[in-house]
Amino acid sequence: MKEELSDFLRAVADDLDIPGHLYEDAVVKYTDVGEWLAQEDSELAQFEPHIFPQGSFRLGTMVRPINDSEEYDIDLVCHLKIKKENTTQKELKDRVGKRLKARADIKKIVIESRRCWVLDYPEPFHMDVLPVIPNAEHQPNGILLTDTDLRLWQLSNPIDYAEWFKEQMNIVLLESRTAYAKRYQMSIEEVPEYEVKTPLQRVVQILKRHRDIYFKDELQNRPISIIITTLAAKAYANQSDLYEALVSVATRMHEYIEKRDNGEWWVENPVEEGENFAHKWNEYPERREAFFKWLQKVRGDFVSVSQIESLTKAAAALSPTLGRNAVSRAAASLGIQTSAMTTKSSAASALQVPGLGSTAHCIAPVWPVRLQYQVSVKGTVHPGSKASKTKWQMTHRPVPRNVWLRFEAKTNVPEPFEVRWQVVNTGQDAIAADCLRGNEFEESNGATKNVRWEGTEYRGTHWVEAFIIRHGVCVARSQPLKVRIRG
């Protein structure tokens, strides 16, 4: 039964997670914003602006809102290399806001909030862009952030915290990345981070959803995510079984809460000595009491469920605490019938891509073909410009429009040789734009002769194929690499 519970809880966590296509869309969006802030004509360029994610988006612990009509909240940092003595919190925030508003499409969606600039995209997410500067006393990754309600600069270190969080699950994370790399025939370094989830990440997601529902009518006492995440990470012992990890974490989380000699309750920031994540507990004791009551409820809910004789009944028992829609969708994915109505997820429809269209416009190789060697092609996705450092490997999932794809041909053909590419697109979008391709063999256009760059413009199923030409003869030909572009 415990193994079945792990499978079920994994399905729940998968449903709670931000869908992969939305994750990719968010990366595309914030990469675009980062490039706009850093352009040569930008007043910010001299400060080397850099945008990167923080919080649950970086940690892989996001959860969908309880109400499906609500948006995902993605936290970003906008880092500027300015010394603290050379600016104020207001000046820093105004500088970033001025540049954001200088682009017409961004100006339409930017909203000022207390600490950050909110980019309210039409997609089901919004981004909070937080202006920060380096913390000279805690380098290389410490930062100082703005807050219009507070006079003093606030400290933070999201990069080091994320590295600490990964370290708590390093054994299972490496095992998971290794298995994924083997499955998709890539190196461990090439595995996209968001494609692999460990039991710790799923435990945090499940705990956060349980909290959201438990405190839905008591928001003022709801524990903040950083406390849950920190205590869960400290309590996690690299268990590979999700249910075992959840029960163990819920049972041990309280051990990492201190009550110091001066009577203060304390949850230490593991990367910023002296910072207490639970400082509000000392000002508002009811929040501390609510946390311990909630933690007791968590233990009761998840320990007792293993005693239920069937997974169907276990799912029904967890439905009120994890959300009926999430439980119903998870159960349906495992073929389990529940009494609750299943709400169809929009993720599947968003990923639908037309199949391969007519290829009558494609031509056959124009050289004599005597295949004696091998060549293979791998692709990477680059949001923003070709030079963008943010990228992920092409996998089974469709890629978004308006990004760059980098194709690299690897071959055992001895020099001298040339690489030619047949780029084939199909479907109604390409036909409507009068841009069907496949009737020529194109040269490489990258920094080396075995690299080809292509943009993603037309929704549909396409392919790319590499041909190795030696002394006028095609001696190696890759398998077509399918490229599925979603709308």
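Expressed as a whole percent, the proportion of Cα-Cα pairs in the stretch 403-487 lying more than 23 Å apart is 24%.
When a/c is below 1.5 the answer is rounded, else prolate if a/b is larger than b/c, else oblate, so apply that to the stretch 149-261 with a ≥ b ≥ c taken from the square roots of the Cα gyration tensor eigenvalues. It comes out prolate by the Cα gyration axes.
Simple rule: put +1 on each Lys or Arg Cβ and -1 on each Asp or Glu Cβ in the chain, find the dipole, and look at Trp463, Ala364, Ile133; the Cα lying farthest toward the positive end is Ala364.
Taking 0.36 nm per intervening residue step and subtracting the Cα-Cα distance, what contour gain separates Arg370 from Phe52 on full extension? Could you put the intermediate results ahead of the total?
Values: separation 318, 0.36 × 318 = 114.48 nm, distance 4.87 nm.
Length difference between fully extended and current span is 109.6 nm.
Calculate for the chain the 222 nm mean residue ellipticity that helices alone would give, adding -39,500 (n - 2.57) per DSSP H run of length 4 or more and normalising by residue count, nearest 500 deg cm²/dmol.
Details: 16 runs with 174 residues, N = 487.
Computed mean residue ellipticity for the chain: -11000 deg cm²/dmol.
Between the C-alpha center of the stretch 40-109 and that of the stretch 112-159 there is a gap of 7 Å.
May I ask you to sort Phe125, Phe291 by Cβ crowding, counting other Cβ atoms within 10 Å and putting the fewest first? Please report the intermediate quantities before stating the final value.
Values: Phe125 20, Phe291 26.
In increasing order of surrounding Cβ atoms, one gets Phe125, Phe291.
Scattering from the chain was approximated by placing one identical point on each alpha carbon and applying the Debye formula without solvent; log10 I(q)/I(0) at 0.14 1/Å stands at -1.43.
Taking the Cα centre as origin and putting +1 on Lys and Arg beta-carbons and -1 on Asp and Glu beta-carbons, what dipole magnitude results for the chain, to the nearest 20 debye?
Working: 64 positive and 67 negative charges, 186 e Å.
About 900 debye.
Sequence-ordered 3J(HN,Hα) estimates for the stretch 450-463 from the Karplus curve with 6.51, -1.76 and 1.60 and θ = phi - 60° stand at 10, 10, 10, 9, 9, x, 9, 10, 10, 4, x, 9, 10, 8 Hz, glycine and proline given as x. Simple rule: put +1 on each Lys or Arg Cβ and -1 on each Asp or Glu Cβ in the stretch 18-156, find the dipole, and look at Thr88, Tyr121, Gln39; the Cα lying farthest toward the positive end is Thr88. Could you sort out which of Lys166/Lys259; Lys84/Lys197; Lys90/Lys234; Lys108/Lys482; Lys216/Lys280 sit more than 30 Å apart by Cα distance in this structure? Checking Cα-Cα distances, Lys84/Lys197; Lys90/Lys234; Lys108/Lys482 exceed 30 Å.
Between the DSSP loop rule and a limit of at most 11 other Cβ atoms within 10 Å, which trypsin sites (Lys or Arg not before Pro) in the stretch 147-210 are left? Kindly include the intermediate steps, with their values, before the conclusion.
Working: sites: Arg151, Lys166, Arg177, Lys182, Arg183, Lys197, Arg202, Lys208, Arg209; in loops: Arg151, Lys197.
Answer by residue number: Arg151.
Each residue in Glu175, Glu272 was given a count of other beta-carbon atoms within 10 angstrom of its own, and listing them fewest first yields Glu175, Glu272. Principal axis extents of the C-alpha atoms in the stretch 18-156 (largest first, rounded to whole Å): 44, 31, 26. Only the Cβ atoms of Lys and Arg (+1) and of Asp and Glu (-1) were treated as charged; on that basis the dipole of the stretch 18-156 about its Cα centre amounts to roughly 500 debye. Panel order for Cys362, Cys474, Cys435, Cys116, by other beta carbons found within 10 Å of each beta carbon, from fewest to most: Cys435, Cys362, Cys474, Cys116.
Evaluated on the stretch 164-349, the Kirkwood hydrodynamic radius is 18.3 Å, with distances taken between all distinct Cα atoms. Per residue, the convex hull around the alpha carbon atoms of the stretch 127-201 comes to 135 Å³. Note on the chain: dipole from Cβ charges, positive end direction compared against Val381, Asn425, Asn282; the farthest Cα belongs to Asn425. The magnitude of the dipole of the stretch 375-485, with charges of +1 and -1 set on the Cβ of Lys/Arg and Asp/Glu and taken from the Cα centre, is near 520 debye.
Computed from the coordinates by the stated procedures, all read-outs in this text should not be read as laboratory data. This is a predicted model, so every value here is computed, not measured. All Cβ positions, glycine included, derive from the backbone under ideal geometry; neighbour counts span all protein chains shown.
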